[in-house]
Structures are given as structure tokens and as C-alpha cells.
Amino acid sequence: DGNKAARVQISNYTSGDAKWFFSDVSVTGGTAYTFSHSYKSNVPTKLGVRYQTSSGEVHQLLTNLPASLNWNTQTRTINVPNNATKLTV
């Protein structure tokens with residue numbers, strides 16, 4: 001709706017892996033949460049989640065996102081592991 005947004009523009013790329021995350025939010029382990037966002041991109045990308053657990057970080061791929069020149073809304077259910085206390089997407 002234009003109230004909140006993030007934009008990433010890569011003008012030069014050498015090699016490697018790049019990620020950006022929102023700040024961690026507190027969650028209740030064993031709970032399902034719904035995450036919805038809108039995106040547009042001229043290249044395919046991935047949507048993932050990082051959990052903070054008692055034993056460290058856990059990364060999970062939620063979905064591969066195709067390139068989309070128009071705004072595309074994606075909604076995913078995130079099933080939080082029992083020992084997770086925080087997450088970010």
C-alpha cells in the first residue's frame with residue numbers, strides 16, 4: 001500500500017551470497033504464523049526464515065520466488081520449531 005517498503009538495487013556484483021533480514025521478532029515455539037509480503041523483481045529470488053533457537057541459528061527456505069515485473073503478493077505459513085524464541089524473514 002506504499003506505507004512501508006524496502007528496496008535493494010545491486011549495481012555491481014562479483015561473487016558470493018547476499019542476504020538481508022528484518023530485525024528478529026519474538027515468537028512462541030510450536031506456533032504457526034502467517035507472513036505476507038509484496039515484491040517485484042527483475043530476477044528470481046528466494047524467501048527464507050532464520051530462527052533463533054537455544055542451540056543457535058536455523059535457516060529454512062520458504063519458497064523460490066520467480067521474477068515479477070508487477071507487484072506480486074506472497075503469503076506463507078511459518079511453522080516455528082518448538083525450541084525457537086525469535087525469527088526473521
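The values are calculated or read from the model by the stated rules, or taken from the named source; none is laboratory data. This one's a predicted model, so the numbers in the text were calculated from it and none came from an experiment. A quick note on method: Cβ atoms are made from the backbone with ideal geometry, for glycine too, and the neighbour counts reach across all protein chains shown. What goes into the accessible areas is simple: the full protein's heavy atoms, side chains included, and nothing from ligands, DNA or RNA. Shrake-Rupley method; radii C 1.70, N 1.55, O 1.52, S 1.80 Å.
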First in segment 70-89 and touching a residue at least 40 places away in the same chain (Cβ under 8 Å) and closer than 27 Å to SER54 by Cα, second anywhere and in a loop (DSSP other than H, G, I, E, B) and open to solvent by 40 Å² or more (accessible area, probe 1.4 Å), Cβ under 6 Å, 6 or more apart: VAL80/THR31; ASN82/GLY30; ASN83/SER54; LYS86/ASP24; THR88/PHE21; THR88/PHE22; THR88/ASP24
Near pairs, Cβ below 6 angstrom, 6+ apart or cross-chain, from segment 29-52 (touching a residue at least 12 places away in the same chain (Cβ under 8 Å)) to any residue that is in a strand (DSSP E or B) and hydroxyl-bearing (Ser, Thr, Tyr): ALA32/THR77; THR34/THR77; SER36/THR75; SER38/THR73; LYS40/SER68; LEU47/THR63; ARG50/THR88; GLN52/THR85
